[in-house]
Structure formats: structure tokens, C-alpha cells
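Here's the structure, in C-alpha cells; my notes come after.
Please treat every number below as a calculation from the coordinates, not as lab data. As the structure is a computational prediction, the values presented were derived from the model and not from experiment. Virtual Cβ from ideal backbone geometry, glycine too; neighbours counted across all protein chains shown.
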Amino acid sequence: MNLSTAATADVPWAVWAIALPLGAAAAAFVSRRNLAWLGVIASLAVSATVTGLTWQVWRFGPRRYSVGGWGAPLGIDLYADGLSVLMLLMTAIIGVCVSVYAVGYFADRSAEANDDMGVAHRDNFWPLWLFLWAALNALFLSGDIFNLYVTLELITLSAVGLVTLAGSLTANAAALRYLLAALAGSLLYLLGVALLYASYGMLDIASLGRTMTPGSVSAAAIALMTVGLALKTALFPLHFWLPPAHANAPPPVSAVLSALVVKASFYLLLRLWFDAFPNVIALNAGSLLGILGAAAILWGSIQALVARRLKTLVAYSTVAQLGYLFLVFTLATPGETSTAWSGGVLFAISHACAKASMFLAVGSIQHAAGHDRIADLDGIGRQLPLTFFAVALASVSLMGLPPSGAFLAKWMLLEAALETGHVWLVVVILAGGLLAAGYLFRILGQAFTPSATAATFFVPRSMEGAALALALVALSLGLFSAPLLDLLRLGEIHVGNTAAAIMS
Amino acid sequence: MQVATWYITISICLFIVGLFGLTACRDLLRRIIGLNIMGSGVFLLLVASADRLPGRAPDPVPHAMVLTGIVVAVSATALALALTSRISRPYDGE
């Protein structure tokens with residue numbers, strides 16, 4: 001290793017990945033000028049820090065960093081392994097595309113009459129979005145369960161603020177409903193944290209994984225934290241808050257909420273179940289989450305099939321697709337990195353890119369047409385070819401057709417389901433794909449129905465381009481999955497240590 | 001009955017009362033108050049858990065957690081109240 005490599009190896013990229021968006025958010029809040037430029041430059045800079053961290057983890061393995069040199073338990077430890085780095089990369093790719101889209105969306109005054117948004121509301125997008133990004137990065141990098149609570153709340157507060165940017169009464173009501181549900185989820189989680197601290201006196205996920213013993217307090221804490229996080233991830237039947245909030249937010253916000261915010265609480269659940277709780281979890285609990293996940297796939301898809309509004313359809317599709325993520329808890333054994341676990345993470349990343357693209361494209365349609373009633377969208381496909389190309393490509397990913405990342409992820413889940421003898425899950429996974437094809441063809445079919453009206457629609461190029469770029473990323477994930485899965489395995493060192501400690 | 005058990009019982013009772021208020025009431029203000037009562041239950045449990053090792057100085061970590069938790073609760077309550085007032089008094093031009 002030469003000197004320059006040694007120097008870059010010591011750069012605390014993990015800290016910068018949080019501090020940079022936080023600083024940019026504060027700057028955007030104060031300056032109020034050239035916000036679009038500030039936002040795009042900040043998004044590129046944050047992506048650069050995440051790339052630096054990815055390189056470090058790839059080269060030197062999982063990393064731990066004590067902020068300010070204080071160390072746990074009084075200080076805050078940041079921890080980065082393959083899983084957290086993949087989540088950060090996913091956030092960075094979607095973050096850059098959403099920022100580019102937002103520049104076009106908020107600058108375009110041609111469709112001003114169609115949006116309820118005032119100028120003051122537009123200016124609030126950038127600080128809130130950068131705060132949200134900082135909170136997401138902090139969540140993916142935190143290693144202790146109380147710090148994770150704080151990041152969860154930061155995510156909630158900025159996400160709810162973003163929903164209210166739509167300005168309408170419906171959006172405000174949806175935002176409040178979302179806030180109350182999310183706060184209830186966080187408090188359930190926090191009560192679990194308090195119980196764990198009262199009985200074990202520690203907060204670090206890895207240490208908890210080594211120390212936790214089965215018992216009634218552990219079981220209560222696990223149940224509380226799981227229910228709280230399932231509420232925040234909108235697992236059926238706790239999904240009631242998601243469709244109104246995601247369907248009424250401005251398009252760049254819907255994309256971020258559906259792609260990233262719900263993944264954050266899922267990531268935390270995955271971390272806890274596989275790193276902190278593996279020797280305490282009862283097997284039935286995982287089956288229960290799997291059953292609810294399967295119900296979510298069916299219920300969400302049926303609601304999407306009957307939805308009248310385009311954005312409601314896409315929001316219910318999120319409810320359905322989140323169901324697949326919970327199958328992991330049935331199919332993977334806590335404490336080891338398996339096919340189902342990797343498949344679940346790959347599915348989360350693939351869904352994030354495809355759903356962000358879908359919400360951005362649908363936002364362009366709504367922006368151009370002035371409404372998103374599916375029945376009145378005849379013939380709009382010819383007017384916005386690039387946008388509908390993005391819709392079609394994102395649909396391929398959401399249905400799980402090759403070569404998308406979702407295809408590979410579903411394949412891995414199917415393989416695990418067959419291996420563990422869960423034949424009914426095979427049926428659900430396949431049925432979910434068919435139902436997805438059903439509701440997605442509703443959009444495409446209506447859009448390419450010939451219509452008598454000859455209205456012309458216009459959407460800024462940056463909006464169309466951002467949606468298309470994300471759709472292409474989602475589609476090509478299947479082709480580049482080998483390095484992603486290798487990166488994911490870098491967490492195995494961590495999980496392996498925990499498992500070894502349990503055995504000794 | 002031990003002191004610790006008392007604290008745990010009272011915190012769980014507060015949490016359940018708050019959760020009931022949040023889920024069963026229709027009035028938005030009552031639901032927000034319910035959330036705050038849930039929070040108080042958790043904070044009480046955390047404060048009590050500082051006395052984990054009897055005869056020794058209290059553990060400072062749960063106190064730090066409660067302070068942070070109070071800050072979060074205040075901000076979240078403020079946001080919820082702001083949204084509630086916006087919904088109850090919709091401004092012109094909607």
C-alpha cells in the first residue's frame with residue numbers, strides 16, 4: 001500500500017456522508033438563493049463521500065468510527081459494513097436523480113395552475129430533502145439502538161414536512177395521519193429500547209447480539225420493536241397511513257418516501273433480527289411476519305387493480321412490494337447470511353430504483369395533464385414518449401421480469417422457499433408477479449388508447465431524463481448483481497462473529 | 001413489591017393509557033396528548049433504569065437518552081399541533 005492509499009484510507013467518509021447533507025440543508029434553509037444549484041451540487045458531493053466509504057469498506061472490510069473519539073456508550077459509534085454501504089449507495093443514486101428531477105419540477109412555471117404549491121413551499125423542498133438525506137445516511141451508519149431511534153424520528157419529521165409541501169388540505173390531513181402513525185411506531189420501538197437497556201445495560205447492536213438471552217423481557221422488547229418498525233414500514237394490516245401520504249405528496253417527495261423512507265425502517269428490522277436477536281427469536285415469529293407479507297402482496301395488488309388515481313395505484317403497489325421484503329423473515333434463518341437474506345436486500349434496492357422511477361414518471365404525467373385520473377389519460381402515451389418508456393421499463397422491474405434486479409431477487413426468494421419447503425410462498429410470489437402485470441398494464445393500456453383530443457403536453461427534459469435513468473438502473477441491476485452480492489457478503493464477517501460468539 | 005417493579009408497572013400503564021388515547025379517540029388534540037403520555041411512560045422507565053446497580057451512582061446514559069427523547073417529543077408535538085391547526089382552519093384559496 002502506498003502513502004496516498006494509506007491517507008485516503010483514514011478519511012472519515014462515514015462522518016462526511018452525514019455532515020455534508022446536514023450542512024447543505026442548513027445552508028439551503030438560510031440562503032434561499034440558487035437553491036437548485038446548491039441542491040444538485042450537494043447531492044453530487046454526498047454521492048462522492050458515499051463512493052469513498054464504499055471503496056473503504058470494499059478494500060478494508062467493515063469499519064467502525066467513534067465520533068469525536070468518545071466511543072460507546074456515551075459517544076456515538078458509526079458502523080459501516082456491506083449492507084449499510086449498499087443502502088447508502090441506493091440512497092445516493094436515487095438522491096441524485098430526484099434532485100435533478102426536482103430542479104425541473106420546481107422551475108417549470110408552465111403548469112403552475114395545476115399545482116397547489118406556492119413559491120414559499122417550493123423553497124422549503126431543498127432544506128427538508130437534504131435533512132431527510134442526512135437522517136437516512138445517519139440511520140444506515142448507526143450501530144446503537146438509541147441513536148437509531150433518533151435517526152428514525154429525524155426521518156419522520158422531515159418526511160412529514162415534505163408531504164405538506166403539496167399544500168392541499170388532503171395532503172395536510174394525510175401528513176398528520178402519517179405523523180401520528182410514525183410517532184406511535186417510534187415510541188413502540190423506544191419502549192423496546194428502554195426494556196433492553198434496563199435488562200442488559202447496552203445499546204450496541206453487535207454487543208446485544210452476543211449478550212441477549214431468551215426470556216420474557218427480551219421477548220417483549222423484540223415484539224414491541226418489531227411491531228413499531230412494521231408500522232413504520234407499512235406492513236399489512238398496518239399500512240393504512242401509506243397510500244394517502246404517498247399519493248398526495250409532490251412527485252419528487254412521493255418517490256423518496258416510497259423508495260427510501262420505508263426501506264429505512266425495513267433495514268433496521270433486518271439488522272435487529274439478524275444481528276441483535278438471532279439467538280432469542282422464536283421461529284414462529286418469523287413465520288407470522290411472512291404470512292403478513294404474503295397478505296400484503298395480495299391485498300396491495302388488489303387495491304392497485306381497482307385504484308382510480310394513478311398515484312394511488314403506485315402507492316398501493318408499494319404496499320404490495322413491501323410484502324416481499326417480509327418473506328425474508330420466514331425464509332432466512334437468523335444469524336446467518338443466506339440466499340433469502342441476500343435476495344431480500346437485492347429486492348429492496350431494485351424496488352427502490354423502480355418505484356422512484358415510477359413515481360417520478362407518474363409525477364410528470366400528472367404535471368403535464370393536470371390530473372392523474374386513470375380513466376381520463378387516453379392517448380397521453382404518444383405525447384410523452386420518454387416518460388412512458390420509463391414507465392414501461394420500471395414496470396418490467398416491478399413485475400420481476402428478466403434482466404431486472406427484481407427478477408434475480410425473486411428467483412433467490414423462490415429458491416429459498418423451495419429449499420425450506422414453503423410451497424405456499426412460491427404460489428404467492430408467482431401470483432404477486434401476475435397481479436403486478438395486471439395493474440401495470442392498466443396504466444400502459446389506457447395511455448396508448450387512441451383519443452380524440454389533440455392536446456399537447458410538455459414536460460421539462462430533466463424530469464423525463466431522471467425517471468428514465470432510474471428505470472435503467474433498476475433494469476440493469478440484474479446484470480451487475482455479482483459485485484453487489486459480493487459487497488453484501490462483507491457484512492458476513494460481522495454476522496459470523498456474532499454467530500461464533502453464540503456458539504462459544 | 002420492589003421499587004423497580006413499581007416503576008415498570010406504572011410506565012407500562014402510562015404507555016397503554018396513551019396508546020388507548022391515540023387509537024380510540026377521534027379528536028386530534030386528544031390523540032396528540034395520548035402520544036405524549038406514551039412518551040412519558042417510556043421516559044419514566046428509562047429514568048428508573050438508571051438505578052441499575054443499587055448503592056452506586058446512577059447510570060448517566062439513560063438520562064442522556066431521556067433528554068434527547070424530550071427534545072424529539074417536543075419537536076414532534078409542535079409539528080403535529082401545527083398540522084392540526086392548519087387542518088382545522090384551512091386558509092383561503094384551497
Sequence gap at least 6, Cα distance under 8 Å: using those rules, report the relative contact order of the stretch A:218-375 to the nearest whole percent. 30 percent
Here D for chain B, in µm²/s, from Stokes-Einstein with a Kirkwood Rh over Cα pairs at 20 °C and 1.002 mPa s, works out to 143 µm²/s
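On average, how much area does the Cα convex hull of the stretch A:18-76 cover when viewed from any direction, in nm²?
That works out to 5.2 nm², a quarter of the Cα hull's surface.
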So what is the 222 nm mean residue ellipticity for chain A from helices alone, if each DSSP H run of at least 4 adds -39500 (n - 2.57) and you divide by all residues, rounding to the nearest 500 deg cm²/dmol? -24500 deg cm²/dmol
How many Cβ atoms of partner chains, on average, are near each residue of B:60-68 if near means within 10 Å of its Cβ? 4
Nearest 10, in degrees from 0 to 90: the angle of helix A:13-31 to the longest Cα principal axis of chain A is 40 degrees
Centre separation in Å (Cα based) which lies between the stretch A:397-464 and the stretch A:28-61: 31 Å
Within 10 Å of each Cβ in B:23-29, how many Cβ atoms from other chains are there, averaged over the peptide? 1
With angles folded into 0 to 90 degrees, how steeply does helix A:461-476 sit against the dominant principal axis of chain A? Use alpha carbons for both and round to 10. 50 degrees
Based on the mean of other beta carbon atoms within 10 Å per residue, what is the order of A:137-147, A:362-372, B:57-67, most packed first? A:137-147, A:362-372, B:57-67
Quick check on packing: order A:170-180, A:80-90, A:474-484, A:29-39 by the mean number of other C-beta atoms within 10 Å, highest mean leading. A:80-90, A:170-180, A:474-484, A:29-39
Rounded to the nearest whole number, the per residue volume of the convex hull around the C-alpha atoms of the protein assembly as shown in Å³ is 155 Å³
Peptides A:187-195, B:13-21 ordered by average Cβ neighbours within 10 Å, highest first: A:187-195, B:13-21
